[in-house]
Amino acid sequence: MSVRQLTQFIESFRDRFNTLQQQISELPKSQAQSEQISQTFVALQTSLERLIADVSTQQPSKERFSSGEYELQALFDEALDAMLIADDAGSYVDVNPSACELLGLSREEILTKSVGDFLEPGVDFSQGWQQFLEQGRVRGESRVLRPDGTVRETENTAVANFVPHRHLSILRDITERKRIEAERNQIEAELLKNQRFIEQIAQSMPAILYVYDLCEQRNIYTNRQLNEVLGLSVEAAVAMGTAYPQTLFHPDDRVKIA
């Protein structure tokens, strides 16, 4: 049990203790009984307050550090990825700060919701949740619907019963990466479209069109008119390498070409 959980338990016990003290004080009893009960409650109250003070000032001991509790809590709190823990019904019981940032809600608000509250319309939460519990582990990509109506793209992995009746989900926000990928794909599609357009123009020209690399001394492109006019295939022209101009041009023009 963590220090926080222990403190919460003690506070709950103190409330019950005070209620019990009030109920006993209202019962009929003799003077001696009243004094004895009062002394007992005073002693209990003193012990309880001392215990609360000890817990509130408790420092991490070597034993607690060696158990890994503080390391795990620090990992949970400081993780850049959203980490959410749900119960068997899919209701959230704990989340880290990154989850609050991803979902756009405070921790207290998220703990009133379930996994299904962040799914897009049309997604069958009950069926998907049951399959997850049966499989025990899932990994993939999913879209998270935030309360403000925006959608975040995520990579996620989830483990069922990482401790009994508790199910861990880890989500990484990849919305920006997805946006960049979409823009890149659009640019590549536009470039391909333009390339095909230019290719159609080049192939439709009645004259020979070729591109010759002066640095590498080789032909790198020619249109189909090369074959129709000179009877030379594109492959053959490329294979000529540096012999391309000397082979095709009239000897009287080679000085001008050079």
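The values are calculated or read from the model by the stated rules, or taken from the named source; none is laboratory data. Computed from a predicted model, the values in this text were never measured in an experiment. With ideal geometry, Cβ positions are generated from the backbone for all residues, glycine too; neighbour counts draw on all protein chains shown. For accessibility, only protein heavy atoms count, side chains too; no ligands or nucleic acids. Shrake-Rupley method; radii C 1.70, N 1.55, O 1.52, S 1.80 Å.
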Discussion item. Considering only the stretch 218-227, I want to know if a residue exists there that is loosely packed, with under 12 Cβ neighbours inside 10 Å and either among the acidic types (Asp, Glu) or assigned to a helix (DSSP H, G or I) (or both).
Written reply: no
Worksheet, complete the sentence: Scanning the stretch 89-132 residue by residue, those open to solvent by 70 Å² or more (accessible area, probe 1.4 Å) and of a type in the set (Asp, Glu) turn out to be GLU101, GLU108, GLU109, ASP117, ASP124
Practice prompt. Could you look through the stretch 133-161, keep only residues that are open to solvent by 90 Å² or more (accessible area, probe 1.4 Å) and either assigned to a strand (DSSP E or B) or touching a residue at least 24 places away in the same chain (Cβ under 8 Å) (or both), and pick out the one that is farthest from LEU80 (Cα to Cα)?
Written response: GLN135
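Hey, could you check the stretch 98-131 for residues that are among the β-branched types (Val, Ile, Thr) and at pLDDT 90 or above and say which is farthest from ALA158 (Cα to Cα)? Even if it seems obvious, please write down each step before you answer.
Pass one, the stretch 98-131, residues among the β-branched types (Val, Ile, Thr): 110, 112, 115, 123.
Restricting the remaining residues to those that are at pLDDT 90 or above gives 110, 112, 115.
Values: ILE110: 18, THR112: 20, VAL115: 12 Å.
Applying the filter and picking the extreme gives THR112.
Specify the residue that is farthest from ARG137 (Cα to Cα); the eligible residues are those in the stretch 188-207 that are free of Cβ contacts under 8 Å to residues at least 12 places away in the same chain and open to solvent by less than 100 Å² (accessible area, probe 1.4 Å). Even if it seems obvious, please write down each step before you answer.
Start the filter on the stretch 188-207 by keeping residues that are free of Cβ contacts under 8 Å to residues at least 12 places away in the same chain, which leaves 188-201, 204.
Checking the rest, the ones that are also open to solvent by less than 100 Å² (accessible area, probe 1.4 Å) come to 189-190, 192, 194, 199, 201, 204.
Numbers: ALA189: 37, GLU190: 40, LEU192: 41, ASN194: 45, GLU199: 50, ILE201: 55, SER204: 57 Å.
So the residue we want is SER204.
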Worksheet item: Restricting to the stretch 216-242, what's the tally of residues that are over 18 Å from SER204 (Cα atoms) and aromatic (Phe, Trp, Tyr)?
Response: 0
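Considering only residues that are assigned to a helix (DSSP H, G or I) and in contact with an Asp or Glu (Cβ under 6 Å, 6 or more places away or on another chain), look in the stretch 162-193 and name the one that is farthest from CYS100 (Cα to Cα).
The initial filter retains those residues of the stretch 162-193 that are assigned to a helix (DSSP H, G or I), namely 175-193.
Remaining after also requiring in contact with an Asp or Glu (Cβ under 6 Å, 6 or more places away or on another chain): 175, 178.
Values: THR175: 16, LYS178: 21 Å.
Result: LYS178.
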Worksheet, complete the sentence: For THR247, the lone unmet condition from (1) surrounded by 15 or more Cβ atoms within 10 Å (Cβ to Cβ); (2) among the hydroxyl-bearing types (Ser, Thr, Tyr); (3) at pLDDT below 80 is (1)
Practice prompt. Please specify each residue of the stretch 157-171 satisfying the condition of being touching a strand residue (DSSP E or B) at 6+ places or on another chain (Cβ under 9 Å) and at pLDDT 90 or above.
Written response: THR157, ALA158, VAL159, ALA160, ASN161, ARG166, HIS167, LEU168, SER169, ILE170, LEU171
